[in-house]
Amino acid sequence: MSRQESWQESWQEPTQPGDHYADYCQWPYDPPAPTFGKLRQSSLVRAALDAAGAHENLYAACRELRRVLGPFRTVYGVKLQGGKLSFEFYFYDYARLGRDLSIPKVLAALSPYVRCDLPPVEHRPYFMFSIDLDDAIVTGEAPLNEIDVYIGNPGSSVSSGICYAHRATGLELKNFYFFFDARTEQRHIADKVAASAHLDAPFDLDQILWPEMVDCGVIVVANKRRHDGIYFSRIRSSQLGQFFARAGWPADVHKPFADNAGYFDHLLFDIGIDYAVDNGRVVILKSAFYGLL
């Protein structure tokens, strides 16, 4: 049985020699534990697809991305909002205008399942783009009518990116992302989180900068149109379990991970929350975890 076929049959996909390890920005890392006999991050998106009762075409779309692009070239995001799971897929090529991994290439790979008539933006210097896929899109009931494209922010002293929604009507500014070293820039992180149009001072920032997560590798502060977000990048597998519990993830996702936690300890994960503040209390609007497909 091939690796592609084995992914169809079981949510548990074993590691292989030569596997690529990188975070959700496709920045490589050295595994923090031995990798032999462990499970790949792709195992968890498969478990989430099972939990969501996803249409078989969504599984097929994932397989096609891996077949055409190769393993580990796609970053998945599994999101929980209003008790419902959803799936977003991210693609990086830091060569920008010299890119190989482009929107047309991904749409061609997905063409058996996804219809998209958006005009090309290949002369724009995007380094990343993402698409949301659901049952309606992969069965042809609805077109893919929005692609998020991400542009750099030259001249900023803080590493950052800008997200635009690409629709038939054009590009619309959507989100700003600011990247900080979690270990050396703690003061800057706190200042950036506090400098929000949505927070009344004084505010207990521990509600946002979760103490159990702040020893991660990178923290990303996001300013979005109606609220803010926070991302903890390169957390350990034990912290992913804490995230699932604190953010209220369903047992159908949390339990497969918890029951096999030792098989994921060689991996680093990335998580994020979008939040609002109600009477001085943080309310999670949406949460997500990320990995390589």
Students often get this wrong, so check it: of LYS84/LYS224; LYS38/LYS84; LYS105/LYS286, which have C-alpha atoms separated by over 25 Å?
LYS38/LYS84; LYS105/LYS286
Taking H placed 1.01 Å from N in the peptide plane, check which residues at least 5 places from ALA142 or on another chain put their amide H under 5 Å from its amide H.
ILE137
Would you calculate the separation in nanometres between label points at ALA168 and ASP252, each defined as 7 Å from the Cα along the Cα-to-beta-carbon direction?
3.3
Go ahead and estimate [θ] at 222 nm for the chain from helices alone: -39,500 (n - 2.57) per DSSP H run with n ≥ 4, summed, over the residue count, rounded to 500.
-7000 deg cm²/dmol
Long-range alpha-carbon pairs in the chain, meaning those over 25 Å apart, account in percent for 48
Along each of the three principal axes of the Cα atoms of the range 19-71, give the extent in whole Å, ordering the values from largest to smallest.
35, 24, 20
With R₀ set to 41 angstrom, the calculated FRET efficiency between the beta-carbons of ARG63 and GLN207, to the nearest 0.05, is 0.55
What net charge is computed for the residues neighbouring GLN81, neighbours being all others with C-beta under 15 Å from the C-beta of GLN81, Lys and Arg scored +1, Asp and Glu -1?
+1
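Only the coordinates and a few stated rules stand behind these numbers; no lab work does. Computed from a predicted structure; not experimentally measured. In this analysis, Cβ positions are derived from the backbone assuming ideal geometry, glycine residues included, and neighbour counts consider all displayed protein chains.
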